[in-house]
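Below is one structure, written out as structure tokens, with a few remarks after it.
The values are calculated or read from the model by the stated rules, or taken from the named source; none is laboratory data. Note that the structure is a prediction, hence the values are computed from the model and not measured. Note that each Cβ is placed from the backbone with ideal geometry, even for glycine, and that neighbours are counted across all protein chains shown.
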Amino acid sequence: MRTVRRGGEVPRVRGRSVLGRRAGSAALAVALATAAAACGGSGGAAAPTAEGGSVAAAHNAVRPWSRLTPLADPRAYQGPTTAKVSDADISPVTTTPHPVLPAEVVDHQGTKVTVRSTDRILALDLYGTLSATVYGLGLGPHLVGRDQSTGFPEAAKLPVVTGSTHQLNAEAILKLHPTVLVTDTTLGPWDVVLQMRSAGIPVVVVSAERGIGTVGSLVGEVAAALGVEPEGRLLAQRLDRQIAAERAQIAKVVPADPSRRPRIVFLYARGQAGVYYVFGKGSGADSLIDAVGGVDVATEAGIKGFSPLNAEALAKAEPDVILMMTLGLKSVGGVDGALRLPGVAETEAGKHRRIVDMSDYQVLSFGPLTAPVLDGLARALYAPGQDDAAKTATGAASATPTPTATATASAPAPATATGGAR
């Protein structure tokens, strides 16, 4: 997105249609979720709950890393774990933002948009990233509604304008009289977005790409749309520092021997609808796995984007850990149900019941909560069960986690960033 100076020439930007050459990671996920619901399954989000639902618990007690004993061989650990964010609160960079309005931008699709008021903001996407970003910019008091996925506690009382299938509700949106709508291509139907424009609401479409490397740029797009670019720079810089600090901490507990680093596959599931996908290169999952020092076996196997679950391919990838969304794991019947999926039981992860789940609305959000997400996932991988942020997976059958190697790992070289979804 580019800011357009008033009275200046509008820069030419090549836009992308909703069904462009390659959809963003969240775009496919919402398509899968919606399709699952249409099939009568549990593809849509369940009602908001603290366990993987849209309103997360604000705090989960954790110990400092200095009091944890990292696994010497994370690949040998047995048993399921739930990864949780220790603190879901978002601290705004300022409580007194000063929007410079009207803000004129060319959005991600190449549409020139003029935003004249930020009094009543709607920021909607699949994972709640945009509302969280608006809150981080200091404009939280101006949010008038939220999507089903917005999970930070301060937004809990806002009215929801998307249904359990993550579809935009035109009537609910219009009833809130928004002065600006910031969204991306992860929610539909697109006719509703066009309807909002026809109703005179400024609609700014930002990038749907998600990854460690896109956090700052997404903040910049939202900030430009709302006329708070200085605040956007402050927030992006803060998030970059937090992510860098978290990755430096994680690097201290990742085994120095590359052969002992966990081999992870991200499995997307919506059980009743029979929807099962492996997320690979460019999906966002690759960026997340790399950031916590793991090996993304899907990318290693040459999977790009998203691929239907295949027993032979999964066995060939040899994952030690299967990473899932909490509601996705629940939809297949917990760990026991996951083991019945094609090929899962034959993997080392299946044999060890090594399934790590994390909130559907946090794990791939890539926004203000990215650093806490990395922390929670790293604890589940390298120090499972050692604080209250790592518990037996939701819906899992009784299993006794067996830390087969608990000696302190030697300090490794820092993990290398992938630069996010490409």
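The set of residues from the stretch 201-228 being small (Gly, Ala, Ser) and free of Cβ contacts under 8 Å to residues at least 60 places away in the same chain comprises 216, 217.
So is residue 197 under 22 Å from the mean Cα position of the chain (by Cα), assigned to a helix (DSSP H, G or I), surrounded by fewer than 24 Cβ atoms within 10 Å (Cβ to Cβ) and charged (D, E, K, R) or not? Outline the logic, then answer.
Values: under 22 Å from the mean Cα position of the chain (by Cα): no; assigned to a helix (DSSP H, G or I): yes; surrounded by fewer than 24 Cβ atoms within 10 Å (Cβ to Cβ): yes; charged (D, E, K, R): yes.
The answer is no for residue 197.
Just checking, how many residues over the stretch 140-152 are modelled with pLDDT of 95 or more, crowded, with 24+ Cβ neighbours inside 10 Å and either assigned to a loop (DSSP other than H, G, I, E, B) or of a type outside the set (Lys, Arg) (or both)? Result for the stretch 140-152: 2. Looking at this structure, is residue 323 surrounded by fewer than 24 Cβ atoms within 10 Å (Cβ to Cβ) and in contact (Cβ under 8 Å) with a residue 12 or more places away in the chain? No, not satisfied.
Annotation note: Cβ proximity below 8 Å between a residue of the stretch 243-255 that is in a loop (DSSP other than H, G, I, E, B) and a residue that is of a type in the set (Gly, Ala, Ser) (sequence gap 6+ or interchain) occurs for 254/293; 254/409; 254/415; 255/72; 255/409; 255/410. If you go through the stretch 328-343 and pick out every residue that is of a type outside the set (Gly, Ala, Ser) and either farther than 20 Å from residue 280 by Cα or free of Cβ contacts under 8 Å to residues at least 60 places away in the same chain (or both), you end up with 6. Filtering the stretch 270-286 to residues that are in contact with a Leu (Cβ under 9 Å, 6 or more places away or on another chain) and buried (at least 24 other Cβ atoms within 10 Å of the Cβ) leaves 270, 278, 279, 283, 284, 285.
Against the numbered list (1) among the aliphatic types (A, V, I, L, M); (2) part of a helix (DSSP H, G or I); (3) in the same structural domain as residue 347 (by TED's automatic domain parsing), residue 322 comes up short only at (2). In the stretch 259-272, of all residues being part of a helix (DSSP H, G or I) and in contact (Cβ under 8 Å) with a residue 24 or more places away in the chain, the one that is farthest from residue 327 (Cα to Cα) corresponds to 260.
Evaluate the following for residue 126: is it of a type outside the set (S, T, N, Q), more than 25 Å from residue 230 (Cα to Cα) and surrounded by 19 or more Cβ atoms within 10 Å (Cβ to Cβ)?
Numbers: of a type outside the set (S, T, N, Q): yes; more than 25 Å from residue 230 (Cα to Cα): yes; surrounded by 19 or more Cβ atoms within 10 Å (Cβ to Cβ): yes.
So residue 126 fits the description; yes.
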